[in-house]
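Undergrad: First the structure, which I've put down as structure tokens, then a few questions once you've had a look.
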Amino acid sequence: MAYLQPADYPNYGLPAATTADWITAATALINSYCRRPDLNVIQYTERLRLTSGAQTVMLSYLPLSPLGTATTPIVSVEGRYARPRRGETLNEPLCEIAWAFSLPGQWTTINPNSVDCDPNTGELTLPWNVLGLPYNEVSVTYTAGLATIGDDVKTACAQIVRNAQSTPALNASKTKIDTMQMQYFSSSLVDETVQAWLRPYVADRLG
């Protein structure tokens with residue numbers, strides 16, 4: 001969904017006659033820059049490796065937000081104790097027990113309510129498994145995004161449109177703005193000011 005509606009145009013310095021294709025292209029450019037499909041609340045799944053000895057992971061998309069009537073952004077969590085990499089074995093006897101019962105590689109459902117999460121930083125703190133060993137890999141399904149598109153994103157969208165309209169190669173008479181053409185000029189359209197507005201929503205690791 002476009003981040004600006006016609007009723008918003010005057011409030012963000014755009015002429016009322018601005019056509020929807022400008023806004024659609026600017027919205028697509030924002031999503032591309034933030035390396036995510038949408039800034040609205042949608043569901044993501046990430047498979048993450050834990051650092052040896054740690055019980056925390058960092059999710060890529062922020063902020064974490066419940067979807068619909070849900071009370072938590074964490075939909076489901078699975079963890080497994082895979083065979084540790086060289087130098088990562090913390091408790092040799094317990095590792096031997098785990099291997100004897102073929103536990104390594106088996107995915108285990110983790111109660112989302114037992115996972116502590118920080119919605120602003122995306123940090124998850126996981127419980128220990130039944131043997132007292134830390135999980136070293138988890139798969140997390142969660143929801144993240146903006147329940148309401150704020151002024152920062154709307155202002156960024158309007159600024160991209162103004163930047164595009166002032167770019168000679170884009171300011172020709174056209175019936176429709178091509179998104180790929182906007183992408184070609186993205187380095188100049190998403191200027192430092194726009195980047196500052198969008199910085200909180202850029203995915204940390206994923207493209």
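Undergrad: Give me the one-decimal nm value for the distance between modelled label points at residue 166 and residue 148, 7 Å along each residue's Cα-to-Cβ direction.
TA: Distance between the two pseudo-spin positions: 3.0 nm.
Undergrad: What distance in nm separates the two pseudo spin-label positions at residue 125 and residue 181, each 7 Å out from Cα along the beta-carbon direction?
TA: Distance between the two pseudo-spin positions: 5.3 nm.
Undergrad: Gain in length, residue 5 to residue 199, computed as 0.36 nm per residue apart minus the alpha-carbon separation, to one decimal in nm?
TA: 67.6 nm
None of the figures in this text is laboratory data; all of them are computed from the coordinates on show. What you see is a predicted model, and the numbers here were worked out from it, not measured in a lab. All Cβ positions, even for glycine, are placed from backbone atoms using ideal geometry, and neighbour counts span all protein chains on display.
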